[in-house]
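Below is one structure, written out as structure tokens; comments come after it.
Taken together, the values in this text are just the output of simple stated rules run on the coordinates, not laboratory data. All values reported here derive from a predicted model rather than from experimental measurement. Using ideal geometry, Cβ is built from the backbone for each residue, glycine included, and neighbour counts are taken over all protein chains shown.
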Amino acid sequence: MGAAALGPQQALAEGRRVLADVFGYEAFRGQQADIVAHVGAGGDALVLMPTGGGKSLCYQIPAIVRQRAGLGVTIVVSPLIALMHDQVGALREAGVEAAYLNSSLTPAQAAQVEQRLMRGELTLLYAAPERIVTPRFLARLQALHTAGRLALLAIDEAHCVSQWGHDFRPEYRELGVLAERFAGVPRIALTATADALTRADIVAYLRLQGARTFVASFDRPNIRYTIVEKDHALRQLLRFVAEEHTLPDGRHDAGIVYCASRRKVDEVAARLQAAGLQALPYHAGMDAATRQRHQDRFVREDGLIMVATVAFGMGIDKPDVRFVAHLDLPKNIEGYYQETGRAGRDGEPANAWMAYGLQDVVQQRRLIDESSADDAFKRVLRTKLQALLALAESTGCRRQQLLAYFGETSAPCGNCDNCLQPPQTWDATEEARKMLSCIYRLQQTGTAFGAGHVIDVLRGQATDKVRAHGHERLSTWAIGRQHDEATWRRVLRQLLALGAVQVAGELHTLHLLPAARPILRGEQAVRLRQARSCADGARGRAERQARNLASEARLPLQQREVLAALKRWRAEVAHAHDLPAYVIFHDATLRALAQRLPACEADLDGIPGLGANKRAAYGAEVLRVVAEAAGAAGPRAGEPLQAWA
């Protein structure tokens with residue numbers, strides 16, 4: 001087929017055919033149709049779409065459309081080997097000629113891929129940014145461009161270009177060369193997370209000033225956000241998993257637990273294993289082979305919990321992660337959003353749970369203050385951390401505040417901890433003034449002190465340190481004796497969230513900021529949430545457990561038996577192909593098959609995710625598995641199922 005220019009309507013019409021024939025879906029979601037029409041017709045685009053929102057189709061479908069029009073290959077910039085492997089595997093399963101170039105290939109294998117590229121045999125080629133900007137690879141792209149066979153340049157995980165983002169990768173900044181070298185070739189940059197600063201960096205460094213921007217809603221309504229006050233965080237985590245992510249047969253949901261340090265990752269993984277959970281550690285201090293083995297197990301097996309630093313997660317497409325837990329405070333809201341977004345990619349209910357305490361704030365402030373960054377950069381980091389603290393301390397809707405950070409307005413969600421169990425609050429203005437006054441009086445002595453000492457002075461604790469400095473003679477001595485240490489720590493957390501106090505230096509000393517003045521003058525009220533009791537946590541537990549039951553648990557018995565048989569068959573195929581099970585078929589496809597109980601090939605029409613290639617490859621086997629399982633379990637489609645419900 002000779003090269004042909006495409007208009008938006010033509011690109012969209014062809015895109016709809018590709019969506020149905022190749023990927024097995026009847027309709028685009030959200031802004032996908034507009035993106036396919038725009039990029040398919042040769043337009044540049046910046047796409048911000050939440051995890052699980054269908055970003056990949058936004059460049060894969062235009063790639064196929066443009067290849068069919070004779071416009072050549074699409075180059076996809078991807079930062080991770082695992083992501084490339086799974087994406088290419090999924091495309092091949094759908095009948096699309098795709099390949100990747102990365103360090104997992106031998107020189108002979110890489111040469112073979114390059115030969116296929118230059119012969120025009122590929123529709124999509126995935127490669128890492130550091131490979132793409134090498135003179136040798138750019139020369140190959142130039143040859144394709146000169147021959148009119150470079151159809152599209154797609155830059156995935158585009159937030160990696162920004163120093164303000166949570167996953168900065170310097171090599172991404174060199175990708176601006178693509179705009180210089182390949183004028184006229186459309187480019188699409190995609191990310192799930194970017195605030196205003198990060199978006200500006202993406203546009204500037206990737207030279208997308210003329211690109212059309214598509215911003216989907218950042219809302220993930222299936223995720224429930226919960227933030228609890230730290231009180232023996234590991235015990236809290238175990239209780240959370242036991243209460244909300246233990247299945248009726250005793251197995252556990254798949255989940256990710258994020259920790260701030262490698263040592264903590266190892267400790268938490270060991271404790272979870274000792275508690276009978278299938279948990280694996282993952283951090284950069286482990287050898288690469290072990291990391292890869294653990295990642296492969298997590299992606300391919302059911303019910304595993306990955307305990308990890310933030311080194312784990314980008315490009316993990318596992319759809320049935322039912323929870324993401326944080327045992328330490330992330331650096332900013334973008335990181336928190338990106339990490340929690342790895343839960344519930346299949347659209348089923350999922351939990352984002354975090355335990356948060358004063359020490360988390362102190363640690364993050366210390367990391368910022370001790371970094372080698374310049375003052376301007378540190379100010380931005382502090383502002384970002386401040387926004388996350390405000391989210392953690394909020395008594396209002398978590399989702400509403402989270403979306404507002406990304407510039408999106410919304411109503412209270414009714415599905416976060418604060419909406420489901422509105423926290424009781426109390427007027428802590430006087431306590432806030434007492435703490436600020438105590439910090440001020442201590443500063444007047446010529447030395448700054450940390451949180452522990454300030455609280456000891458407030459509570460009238462005659463420690464050796466208090467006596468050594470004569471602080472029992474201060475006017476603020478014992479003015480807060482009516483409250484325990486935990487209460488004063490809550491007060492301090494709120495003052496940190498309000499920007500009235502900062503933690504500085506290696507000794508984590510407390511200092512007043514200008515925002516303290518209106519509180520000290522009584523011009524600004526401070527309200528704190530009451531600590532929740534165990535009874536409060538138990539309230540609504542039955543409803544939460546019912547909500548977290550997988551969709552298949554609500555199917556009639558016969559359909560459950562068929563679904564189980566399809567999953568066993570899928571696991572065998574995935575193992576044979578060395579791919580995660582969801583690359584063969586998503587759970588939603590198997591559930592649709594189990595509900596329909598197809599008896600002939602015509603019954604496969606309209607099953608989501610069952611494109612032409614997969615139908616040809618697996619249709620007969622699917623019908624066989626359904627027939628055998630349905631026959632063993634009960635009546636066939638069209639027969640009464642009441643007895644099997």
*Could you work out the relative contact order of the range 346-460, using alpha carbon pairs under 8 angstrom and six or more residues apart, expressed as a whole percent?*
13 percent
_Ranked packing of 596-605, 429-438, 377-386, most packed first, by mean Cβ within 10 Å_ = 429-438, 377-386, 596-605
_Amide H of Y225 versus every other amide H placed in the peptide plane: which residues, excluding those fewer than 5 positions away on the same chain, fall under 5 Å?_
A352, D417
_Residues A411 and L520, FRET efficiency given R0 of 45 Å [Cβ-Cβ distance, rounded to 0.05]_ = 0.80
_Calculated FRET efficiency for the pair T146/A275, C-beta based, R₀ 45 Å, to 0.05_ = 0.15
*Using Cα pairs under 8 angstrom and six or more residues apart, how large is the relative contact order of the chain, in percent?*
13 percent
*Short version: what are the Cα gyration tensor semi-axes of the chain, square root of 5 times each eigenvalue, largest first, in whole Å?*
48, 32, 21
_Just to check I understand the Karplus step: with θ = phi - 60° and J = 6.51 cos²θ - 1.76 cosθ + 1.60, what whole-Hz values come out for the range 243-250, glycine and proline as x?_
7, 10, 9, 10, 7, x, 8, x
*Would you please classify the overall shape of the range 225-420 from the alpha carbon gyration tensor, given that a ≥ b ≥ c denote the square roots of the eigenvalues, rounded means a/c under 1.5, and beyond that prolate means a/b larger than b/c while oblate covers the rest?*
oblate
*asked:* What does the extension gain come out to for R251 and A571, with contour length at 0.36 nm per residue minus their alpha carbon separation?
replied: 113.4 nm
*Just tell me which lysines come within less than 24 Å, Cα to Cα, of K614; anything on the same chain fewer than 8 places away is out.*
K55, K318, K567
_Which order do the peptides 564-576, 100-112, 33-45 come out in when sorted by mean C-beta neighbours inside 10 angstrom, highest first?_
33-45, 564-576, 100-112
_Sites Q10 and A617, calculated FRET efficiency, Cβ-Cβ separation with R0 25 Å, nearest 0.05_ = 0.25
*asked:* Just to check I understand the Karplus step: with θ = phi - 60° and J = 6.51 cos²θ - 1.76 cosθ + 1.60, what whole-Hz values come out for the range 65-81, glycine and proline as x?
replied: 4, 6, 5, 5, 7, x, 8, x, 8, 9, 9, 10, 7, 9, x, 10, 4
*asked:* Just to be sure I understand the model, the point goes 7 Å from the Cα along the line to the Cβ. What's the resulting E485 to R441 distance in nm?
replied: 2.1 nm
*So which lysines can K264 reach, going by Cα to Cα under 20 Å and dropping same-chain residues fewer than 8 places off?*
K230, K331
*asked:* Rounded to the nearest angstrom and ordered from largest down, what semi-axes does the equivalent ellipsoid of the range 573-614 get from its C-alpha gyration tensor (root of 5λ)?
replied: 20, 11, 9
*Using a simple spin-label model with points 7 Å from Cα along the Cα→Cβ vector, what separation in nm is obtained for E472 and D21?*
8.7 nm
_Whole-Hz couplings from phi, Karplus 6.51/-1.76/1.60, listed for the range 144-152; x for Gly and Pro_ = 5, 4, 4, 7, x, 10, 10, 8, 6
_What distance in nm separates the two pseudo spin-label positions at A602 and M118, each 7 Å out from Cα along the beta-carbon direction?_
5.2 nm
*Peptides 349-355, 248-254 ordered by average Cβ neighbours within 10 Å, highest first*: 349-355, 248-254
